[in-house]
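Q: One structure, as structure tokens, below. Some questions next.
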């Protein structure tokens with residue numbers, strides 16, 4: 001469980017910037033986007049976009065394939081599965097009352 005929590009925290013940290021969310025939306029709309037196109041679309045300095053891309057790639061959220069002098073980026077939706085499962089599990093059942101969970105339930 002602790003290893004999964006670490007992975008979820010890393011994913012959440014990678015997504016925790018508005019520019020990174022814009023990059024992900026751009027890649028969703030234009031799969032296989034070239035780095036220079038991302039810079040133009042996001043409207044930030046090339047070095048800033050490169051750092052955001054590095055963080056997203058390190059978290060596994062995107063992939064980058066080198067094609068000649070360019071890098072072609074794409075989403076890696078499978079990487080977000082642990083975060084998606086966790087968020088889905090946060091919805092309490094309709095009949096849930098207020099109670100203190102057992103230690104076993106939270107570990």
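Q: Residue 59 - would you say it is modelled with pLDDT of 85 or more, more than 20 Å from the chain's Cα centre (by Cα) and either surrounded by 10 or more Cβ atoms within 10 Å (Cβ to Cβ) or closer than 16 Å to residue 9 by Cα (or both)?
A: No, not satisfied.
Q: In addition: Which of (1) surrounded by 13 or more Cβ atoms within 10 Å (Cβ to Cβ); (2) under 26 Å from residue 104 (Cα atoms); (3) touching a helix residue (DSSP H, G or I) at 6+ places or on another chain (Cβ under 7 Å) is the odd one out, the single condition residue 4 does not satisfy?
A: For residue 4, the failing item is (1).
Q: Out of region 25-54, which residues are assigned to a helix (DSSP H, G or I), buried (at least 18 other Cβ atoms within 10 Å of the Cβ) and in contact (Cβ under 8 Å) with a residue 40 or more places away in the chain?
A: 27
Q: Quick check: is even one residue across region 9-21 in contact (Cβ under 8 Å) with a residue 40 or more places away in the chain, in contact with a helix residue (DSSP H, G or I) (Cβ under 7 Å, 6 or more places away or on another chain), on the phi < 0 side of the Ramachandran plot and not in a helix (DSSP H, G or I)?
A: no
Q: Six or more apart or on different chains, Cβ atoms under 8 Å: show the pairs whose first residue is in region 68-85 and in contact (Cβ under 8 Å) with a residue 12 or more places away in the chain and at negative phi and whose second is crowded, with 17+ Cβ neighbours inside 10 Å and in a strand (DSSP E or B).
A: Listed pairs, sorted by first residue: 72/33; 73/33; 73/62; 74/33; 74/62; 75/62; 76/62.
The values are calculated or read from the model by the stated rules, or taken from the named source; none is laboratory data. It should be emphasised that the depicted structure is a prediction, and the values quoted were computed from it without experimental measurement. With ideal geometry, Cβ positions are generated from the backbone for all residues, glycine too; neighbour counts draw on all protein chains shown.
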